[in-house]
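A.B. asks: Shown below is the structure under consideration.
Bear in mind that the values in this text are calculations on the coordinates, not laboratory data. Just so it is clear, the structure is predicted and the values come from calculations on it, not from any experiment. So basically every Cβ, Gly included, is an ideal-geometry build from the backbone, and we count neighbours across all protein chains shown.
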């Protein structure tokens, strides 16, 4: 299966997991938050847009930098080299980080406790799968280079960096 064929399947599946399921859960939520948060509710929208944008950008960036994907199934082209620039210099798994940001944004936007629970369970699943499957696969493929990358770059949540002026003062 070629990467563009995977995209034809993956994009609709991703939309279903990121938008349709949270929306349906919010409709089923018997404990829908009845708080008039007004404008605060719309704070979820930038998270949704930012998460979706970061995910899509990360996919395109990886494809253009090395012509592959990080976790190929049989018949797909794997990323030939370790990419540690662009969004991959901020977090090791930017596609998943963007997806989780989108999910938490949906839970705020929909004001749904079930959607928030779905986002939490998805986060847990992503962390477990990434650590057990993809991290091991990347270590096998790239060895010490990936181990050093793991030490330098966080998995899903970016580190806050001091401004360059503060870093120069420390030296």
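A.B. asks: Extension gain residue 150-residue 84, at 0.36 nm per residue separation less the Cα-Cα distance, in nm? Walk me through the numbers before you get to the answer.
C.D. replies: Numbers: separation 66, 0.36 × 66 = 23.76 nm, distance 1.02 nm.
Net length gain for the segment: 22.7 nm.
A.B. asks: Please arrange 142, 93 by counting, for each residue, the other beta carbons lying within 10 Å of its beta carbon, fewest first.
C.D. replies: Numbers: 142 16, 93 26.
Least to most surrounded, the residues fall as 142, 93.
A.B. asks: Quick check: residue separation of residue 121 and residue 141 times 0.36 nm, minus the Cα distance between them. What number comes out in nm? Before the final figure, lay out the partial values.
C.D. replies: Values: separation 20, 0.36 × 20 = 7.20 nm, distance 2.88 nm.
Between residue 121 and residue 141, full extension yields 4.3 nm more.
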